[in-house]
Amino acid sequence: MKVLVVGSGGREHALCWAIAASPLCAALYCAPGNAGIAREARCVAIGAQDLDGLVRFAKDEAIDLVVVGPEAPLVAGLVDRLEEAGVKAFGPTAKAAILEGSKGFMKDLCRAHGIPSAAYGRFREIGQAKAFIRERGAPIVVKADGLAAGKGVTVAGTVEEALTAVEDAMIGGRFGAAGEEVVIEECLKGEEVSFLALVDGGHFLSLAACQDHKAVGDGDTGPNTGGMGAYSPAPVVTPELAREIEERIIAPTVGAMAAQGRPFKGVLYAGLMITADGPKVLEFNVRFGDPESQPLVMRLRSDLLPALVAARDGVLDNLDLRWHEAAAVCVVMASKGYPGEYRKGTEIRGLDGAAALDDVVVFHAGTTVEDGRIIATGGRVLGVTARGASVKEARERAYQAVDLIDWPEGFCRRDIAWRAVESGRSPTASP
Ligand code: AMP
Ligand code: GLY
């Protein structure tokens, strides 16, 4: 098969790494890719948002499957465009990608189908939004309705903070059109889990549960980022809890989307809070997680490519996935200053030494090559990922690799996977 992966982040490097290893893959392309992806795939200079360019390339090269990594081209209808042009594509259509593209849509769907999620209101008028906040009090959560690159959510500890968030979104235009409507919801307490499933329109196949770390600083402090690290398995997700998540959240969501004439194909990623009342949906994403994909592909024993094809073809019920018992931990290295302003163009050394460690893969995100040197070009730059017999062992190995990387302009959290390590819960509880 000739496969094209769309995107340029750590998630796409992880997907390329897994797909390149498939005996079914004869040629692998990535648009636009990065310096690390160039080791697995032929990178082509077409942006992930250039729908015309991507469709043209896929047709000209007779690509057999396009795997779309990021949410923006999915919401913009890349899968629709490819399929209309006769190219098979893994991922939801625009009609189904609205599950991530509009938080208001997602909340209404949960309410209509009894899928557990936080109590909420949807607002297009700022006076009503503010009145709702004053009536409910703090803590309270304010979300821009549309896509905001993971930055559209404010978990407000005070009413003033929530009112400011509403003003920034609705008057300040901080998130553009994505913030013209806001969702304001109850603040849930508990442990967060990323639960991903492959979906083929009707059936689903759960992937191993993961946890990520959204906050920039150790101890989960500071502003939220795209994700500073992730690990799998997530010991909090026991086999019983996984079943409950499937029965109460994944299955009804897949059914509801089909019933609405928006059959969902691709990855359904449920961001969950495990509360005292059970699992509740914080958000749905319509794609693989970043950085969750990095530990996931290192734990996957089965070939990923036929699973993606089966999801596209609507025959996931014939498929099973096998996982390594081992745990995997990904530590993200980012440019100093991220998620705020940061310097671009700094050199990274020592990558070969880190990658030479057993069971370690350094996935790239914001990197490029200049005169044979690896240069950081983004906020999140590397995903240093290691496998180990336990989460603790995987984490030690990941940090051993991090310490071999010579990049004075970069930083990482030093406490990734602290929950799993401190809890002492069985690290290989379930896939
Ligand atoms: P989202 O992009 O909707 O997942 O939100 C980003 C982050 O904000 C989540 O990972 C949570 O840490 C936090 N968050 C979102 N919604 C809530 C909520 N209702 N209660 C508490 N925290 C939340
Ligand atoms: N790790 C969070 C995300 O992929 O949205």
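Take each peptide in 394-407, 119-132, count the other Cβ atoms within 10 Å of every residue, and average; sorted highest first, the result is 394-407, 119-132. Just GLU192, GLU160, GLU12 to compare: in a GNM of the chain, with alpha carbon springs under 10 Å, which one fluctuates most? So, out of GLU192, GLU160, GLU12, the one fluctuating most is GLU160. Only the Cβ atoms of Lys and Arg (+1) and of Asp and Glu (-1) were treated as charged; on that basis the dipole of the chain about its Cα centre amounts to roughly 140 debye. Think of the range 26-131 as a dipole: +1 on every Lys or Arg Cβ, -1 on every Asp or Glu Cβ, centred on the Cα centre; then among PHE105, VAL68, ALA119, ALA119 lies furthest on the positive end. By its C-alpha gyration tensor, with a ≥ b ≥ c as the square roots of the eigenvalues, how is the range 52-161 shaped: rounded for a/c under 1.5, else prolate for a/b larger than b/c, else oblate? Judged from the Cα gyration tensor, the range 52-161 comes out prolate (a/c at least 1.5, a/b above b/c). Taken over the range 157-302, the percentage of Cα pairs per 5 Å bin, counting from 0 up to the bin with the maximum distance, is 2, 9, 15, 18, 19, 16, 12, 7, 2, 0, 0. Take the Cβ atoms of ARG111 and GLU160, set R0 to 25 Å, and the FRET efficiency comes out at 0.30. Within the listed set PRO73, PRO295, PRO139, the Gaussian network model of the chain (springs between alpha-carbon atoms below 10 Å) gives the highest mean-square fluctuation for PRO139. Residue-normalised convex hull volume from the C-alpha trace of the range 125-200: 115 Å³ per residue. Between rounded, prolate and oblate, where does the range 353-393 land on the alpha carbon gyration tensor, with a ≥ b ≥ c its root eigenvalues, rounded for a/c under 1.5, else prolate if a/b exceeds b/c? Taking the square roots of the gyration eigenvalues as a ≥ b ≥ c, the range 353-393 is oblate. According to the calculation over all Cα-Cα pairs in the range 20-79, the P(r) per 5 Å bin from zero is 4, 17, 29, 27, 18, 6, 0 %.
Relative contact order of the chain: 17 percent, from C-alpha pairs under 8 Å at least 6 residues apart in sequence.
From the alpha carbon centroid of the range 90-117 to that of the range 193-228 is 17 Å. The spacing between the range 1-39 and the range 233-253, judged by their C-alpha centroids, is 30 Å. Beyond 25 Å in Cα-Cα separation lie the following of the pairs LYS107/LYS214; LYS130/LYS189; LYS59/LYS103; LYS130/LYS214; LYS214/LYS344: LYS59/LYS103; LYS130/LYS214. Determine the shape class of the chain: with a ≥ b ≥ c the square roots of the Cα gyration tensor eigenvalues, call it rounded for a/c under 1.5, and otherwise prolate if a/b is greater than b/c, oblate otherwise. Rounded, since a/c falls under 1.5.
A short reminder: the numbers here are calculations on the coordinates, not readings from a lab. Since we're looking at a predicted model, the values are computed, not measured. Please note: Cβ atoms are built from the backbone with ideal geometry, for glycine as well, and neighbour counts cover all protein chains shown.
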